[in-house]
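Chemist: I am attaching a structure below and will ask some questions about it afterwards.
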Amino acid sequence: MQAPDNRSTVCPLRLPAPTDVSGDAALLRFLAVVRKRRRFLLAMPLAAGALTLLACLLIIPTTYLSLASLLPTQTARQQDMLSSTLSDKLPITFDFMEHKEERVIMAFLLSLTLQERLLADPELLQRLYDRPWDRLLIRLNMQDSPSAARAIQEKRLERIFRVRHKTGDAVINLSWEARDPDFAARMLERVIEEMRRYLEREHVSDASRQRRFIESQAAQASAELAAWEARAPGAGLSLPRIQREIIAAAALHAELQSRLAMARIDEAREVVTFSVLDEPFRPVKKHWPKTGWLTAGAMALGLLLGLLLVFLHQALDDSREVHAGR
């Protein structure tokens, strides 16, 4: 017979799982550090905002932006050429002749020719080099006197005069930034005037080149006709031959005169023109600096910098305490 087992059964003691307090401790430590350095954290964004506000009011020059919009006028000759050459032969449409006016106008607005003509104004050159450090360098002979060539090489005009044209949009937008609002509007008016002068007097279209060629050929035919009419029969030159040459020269002259008349019509219809949708205006509200946005951004950066400095300082203090404890 087996004796009963009088040993007591030991039940294992179950301890509660340790609570993860690292996140709460870190938050409490963060709040304690912020509370301890609250004056410094308050002073940093206020100082940054005050300095930025003073810079916007006293140092950064105030500029104004004048705007204008141009709309190129499409000629009817291009549409006639497309409809007559492609509509009867191909089931698809091509736009290689479209937007030609836009390309011509954009090419002139972005050209160095326009910059040279604008920089011929001494007032514009003076305004481009009116910054204090520019004047100081010129006085110290460390910088050459302002000139159109130098301003073009340094791309000074591109900083204040901008041309914007979106693909698929026919409107061309112009803007001019200057300290004087009247001067900004006046310079945009001059840009539009230079554009009109170029298109009316200097731009040579395909129709113009064709008209000049036909004109030269018609002049030669007219001279040849006059020469045959002035010749008299002589040795080796009979009267019937002179009459045949006169008839042929007269027919060629008449044909060229007819083509010259058509070329002049085509030239008149292929003139690149534009209309001013929005006239240059005198701006009233300043364009730069954006005082509110700059001040708010400076205060935000000042707060972030203050937090960074506070926690760096706290980390240095903790490392010193650890080394001192050892």
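Chemist: Modelling each spin label as a point 7 Å along the Cα-to-Cβ direction, I'd like the GLU224/GLU154 distance in nm, to one decimal.
Modeler: In this crude label model, GLU224 to GLU154 measures out at 6.0 nm.
Chemist: Please give the FRET efficiency for ASP317 paired with PHE281, using the beta carbon to beta carbon distance and R0 = 45 Å, rounded to the nearest 0.05.
Modeler: The computed FRET efficiency comes out at 0.15.
Chemist: Can you work out the Karplus-derived ³J(HN,Hα) for every residue in the stretch 285-300? Use 6.51 cos²θ - 1.76 cosθ + 1.60 with θ = phi - 60°, whole Hz, and x for glycine or proline.
Modeler: After applying 6.51 cos²θ - 1.76 cosθ + 1.60, I find 7, 5, 8, 8, x, 7, 4, x, 5, 5, 5, 5, x, 5, 5, 5 Hz.
Chemist: In nm, give the distance between the simple-model label positions of ALA254 and ARG162, each being 7 Å from the Cα along the Cα-to-Cβ direction.
Modeler: Label-label distance for ALA254 and ARG162, simple model: 6.3 nm.
Chemist: Treating the beta-carbon of each Lys and Arg as +1 and of each Asp and Glu as -1, no other charges, what is the dipole magnitude of the stretch 205-271 about its Cα centre, to the nearest 20 debye?
Modeler: In total the dipole reaches around 100 debye.
Chemist: Which value in nm describes the separation of the simple spin-label points at GLN126 and ALA261, placed 7 Å from the Cα toward the beta carbon?
Modeler: My value for the distance between the label points is 5.7 nm.
Chemist: Set the Förster distance to 45 Å, then compute FRET efficiency between ALA32 and ILE59 from the Cβ-Cβ distance, nearest 0.05.
Modeler: Plugging the Cβ-Cβ distance into 1/(1 + (r/R0)^6) gives 0.70.
Chemist: Same structure, new question: With the Cα gyration tensor of the stretch 157-267 in hand, give its eigenvalues times 5 under a square root as the equivalent ellipsoid semi-axes, listed largest first in whole angstrom.
Modeler: Rounded to whole Å, the semi-axes are 57, 14, 9.
Chemist: Let me ask something else. Report, by chain and number, residues whose modeled amide H sits under 5 Å from the one on ARG179, excluding near sequence neighbours (fewer than 5 apart, same chain).
Modeler: Excluding prolines and chain starts, which carry no amide H, the hits are TYR64.
Chemist: Which one of GLN210, LEU128, LEU174 has its Cα pushed farthest toward the positive end of the charge dipole of the stretch 123-231, where Lys and Arg give +1 and Asp and Glu give -1 at the Cβ?
Modeler: In the stretch 123-231, that residue is LEU128.
Chemist: Which of the trypsin sites (Lys or Arg not before Pro) found in the stretch 117-219 are loop residues per DSSP with 16 or fewer other Cβ atoms within 10 Å of their Cβ?
Modeler: Within the stretch 117-219, the qualifying trypsin sites (Lys or Arg not before Pro) (loop, at most 16 other Cβ atoms within 10 Å) are LYS155, LYS166, ARG179.
Chemist: Any chance you could get the radius of gyration and Dmax over the Cα atoms of the stretch 188-326, in Å?
Modeler: According to the Cα coordinates of the stretch 188-326, Rg and Dmax are 40.6, 132 Å.
Chemist: Assuming 1.567 mPa s and 4 °C, estimate D for the stretch 205-271 with Stokes-Einstein, Rh taken as the Kirkwood radius over Cα pairs, in µm²/s.
Modeler: 99 µm²/s
Since every read-out is calculated from the coordinates, none of them should be taken as a lab result. Since we're looking at a predicted model, the values are computed, not measured. Cβ coordinates were reconstructed from backbone atoms using ideal geometry, including for glycine residues, and neighbour counts include every protein chain displayed.
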